[in-house]
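S.K.: To start, I am sharing the structure in question, which I have written as structure tokens.
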Amino acid sequence: MKTLVTGGAGFIGSTLADRLLALGHDVTCLDNFDAYYEPAAKRHNLATASRSPRFRLVEGDIGQAALLDRLLAKRPEVVVHLAARAGVRPSIADPALYERVNVQGTITLLEACRRHAVPYVVFASSSSVYGVSRDIPFREDSSRLMPASPYGVTKLAGEFFCRAYHHLYGIPITCLRFFTVYGPRQRPDMAIHRFVRLIEDGQPVPVYGDGTARRDFTYVDDVVDGVVRAIERPRDFQIYNLGTHETVALQDLVAAIERAVGKRAAIARQPDQPGDVPVTYADITRAARDLGYAPSTRLGEGIANFVDWFRRTRPARI
Ligand SMILES: NC(=O)c1ccc[n+]([C@@H]2O[C@H](COP(=O)([O-])OP(=O)(O)OC[C@H]3O[C@@H](n4cnc5c(N)ncnc54)[C@H](O)[C@@H]3O)[C@@H](O)[C@H]2O)c1
């Protein structure tokens with residue numbers, strides 16, 4: 001299968017690219033290596049994929065319509081749209097940038113998909129669309145979506161544009177709401193990566209709020225398994241949560257990381273951060289039923305894999 005992955009040099013995108021290549025897909029990765037974190041880390045992510053004759057890297061921006069026209073003229077059978085500005089807190093500092101990349105960028109891509117009659121699109125959405133909703137666990141059909149950050153709003157807008165493009169032009173589109181993904185290659189701004197780095201370096205670990213905020217952490221291989229299952233099962237239009245249906249309190253997360261690293265953390269208590277939500281918790285009934293999605297990685301195992309990757313690759317990533 002010919003697949004175009006936008007944001008394919010990133011954490012989830014590069015892991016997906018490796019999996020798709022192993023499954024025999026031809027993978028084109030479009031990525032602009034933005035400066036959100038070190039581009040060297042993203043190049044390192046593609047080390048394995050780059051060795052495959054079925055892999056092609058195109059350095060460019062999803063906002064460039066002419067470039068998209070050239071890529072889509074090659075007739076990919078599916079476009080997996082992961083390129084975005086990720087991260088909740090930085091979206092508060094620069095909402096217009098998030099709107100430009102995540103909303104306008106998605107529209108530019110959907111327009112190109114319409115022009116080229118792309119057979120199927122998979123869109124990376126986020127648990128952030130639920131925000132401070134009290135409908136817990138979060139279900140895809142909840143009518144009380146309450147994003148608490150510009151980032152969450154851009155992801156919800158992206159979903160709505162996907163829905164409209166399906167309605168107007170009949171493009172089959174699946175939106176996948178990822179829940180705090182972790183594992184090897186995780187972005188350096190995300191909690192597990194940051195905490196491991198700080199504990200390894202003997203620096204204080206900032207814990208925001210009282211440590212009772214809970215997150216549904218999902219191991220990257222499980223998420224990629226869900227994405228592949230979605231790729232293999234085109235639908236008219238559907239939204240799926242890809243989480244684990246388990247939540248972990250921040251203070252228990254720190255303890256699990258301490259065990260994996262083998263060192264105690266020096267905790268630096270901080271006030272709650274704007275944009276943070278008290279809980280994320282996925283109902284995954286729909287993904288289990290339609291996709292056969294069944295996440296299986298235990299948190300302790302996933303964190304141990306991350307620590308192993310972190311230590312092995314640190315010199316090459318910076
Ligand atoms: N990691 C998570 O926990 C999580 C949770 C929910 C949703 N998501 C979504 O999943 C997707 C992937 O996230 P990630 O954690 O792998 O992030 P990432 O930052 O590692 O990957 C995103 C990639 O997109 C690229 N990119 C950014 N803007 C681009 C543009 N204009 N044109 C082309 N490429 C561009 C970046 O260079 C990067 O390589 C994103 O859409 C993110 O919003 C991630």
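Here, each number is a calculation from the coordinates, and none is a lab measurement. This structure is a prediction, so every number in the text was calculated from the model and none was measured. Virtual Cβ from ideal backbone geometry, glycine too; neighbours counted across all protein chains shown.
S.K.: Output ³J(HN,Hα) for the range 131-139: one whole-Hz value per residue in order, computed from phi by the Karplus curve 6.51 cos²θ - 1.76 cosθ + 1.60 with θ = phi - 60°, and x for Gly and Pro.
M.R.: Result, ordered by residue: x, 9, 4, 9, 7, 10, x, 6, 10 Hz.
S.K.: How do LEU109, LEU198, LEU23 rank when sorted from fewest to most other Cβ atoms within 10 Å of their own Cβ? Before the final figure, lay out the partial values.
M.R.: Numbers: LEU109 27, LEU198 18, LEU23 13.
Fewest to most other Cβ atoms nearby, the residues stand as LEU23, LEU198, LEU109.
S.K.: Right, here's the next one. Quick one: what Rg and Dmax do you get for the chain from the alpha carbons, in Å?
M.R.: Final numbers for Rg and Dmax: 18.7, 55 Å.
S.K.: Still on this structure: Could you tell me whether the range 41-195 comes out rounded, prolate or oblate from its Cα gyration tensor? Rule is a ≥ b ≥ c as square roots of the eigenvalues, rounded for a/c under 1.5, then prolate if a/b exceeds b/c, otherwise oblate.
M.R.: Cα axes put the range 41-195 in the oblate bin.
S.K.: So, in nm, how far is label ALA35 from label GLN104 when the simple model puts each one 7 Å beyond its Cα toward the Cβ?
M.R.: Taking the simple label geometry, ALA35 and GLN104 are separated by 1.8 nm.
S.K.: Also, quick follow-up: With the crude spin-label approximation of a point 7 Å out along Cα→Cβ, what separation in nm comes out for TYR169 versus GLU232?
M.R.: 2.8
S.K.: Continuing with this model, one more query. With r as the distance between the Cβ atoms of GLU59 and ARG259 and R0 = 41 Å, compute the FRET efficiency 1/(1 + (r/R0)^6) and round to 0.05.
M.R.: FRET efficiency, ARG259 to GLU59: 0.55.
S.K.: Which values, in whole Å and largest first, are the semi-axes of the equivalent ellipsoid of the range 179-274 obtained as the square root of 5 times each eigenvalue of the Cα gyration tensor?
M.R.: Semi-axis lengths for the range 179-274 are 30, 15, 11 Å.
S.K.: Right, another one. PRE reach from ILE136 (point 7 Å along Cα→Cβ): which of the range 172-213 fall under 19 Å by backbone N?
M.R.: Flagged as within label range: 178-181, 208-213.
S.K.: Moving to a separate point now. If you take every DSSP beta bridge fully contained in the chain, what fraction is antiparallel? Give it as a percent rounded to 5.
M.R.: If we restrict to bridges inside the chain, about 5 percent are antiparallel.
S.K.: Right, here's the next one. What is the Cα radius of gyration of the range 85-127 over 2.2 N^0.38 Å, N being its residue count?
M.R.: That ratio works out to 1.36.
S.K.: Cross-link candidates for LYS2: which lysines have Cα within less than 21 Å, leaving aside residues fewer than 8 places away along the same chain?
M.R.: LYS74
S.K.: Any chance you could check the Cα centroid distance between the range 259-318 and the range 1-44 for me, in angstrom?
M.R.: Cα centroid of the range 259-318 versus Cα centroid of the range 1-44: 20 Å apart.
S.K.: On to the next question. Answer rounded, prolate or oblate for the range 10-98, using the Cα gyration tensor with square roots of eigenvalues a ≥ b ≥ c: rounded when a/c is under 1.5, else prolate when a/b is larger than b/c, else oblate.
M.R.: Because a/c hits 1.5 or more and a/b fails to exceed b/c, the range 10-98 counts as oblate.
S.K.: Roughly what would the spin-label model give for ALA288 and ASP201, points 7 Å off Cα along C-beta, in nm?
M.R.: Once both label points are built, they end up 4.1 nm from each other.
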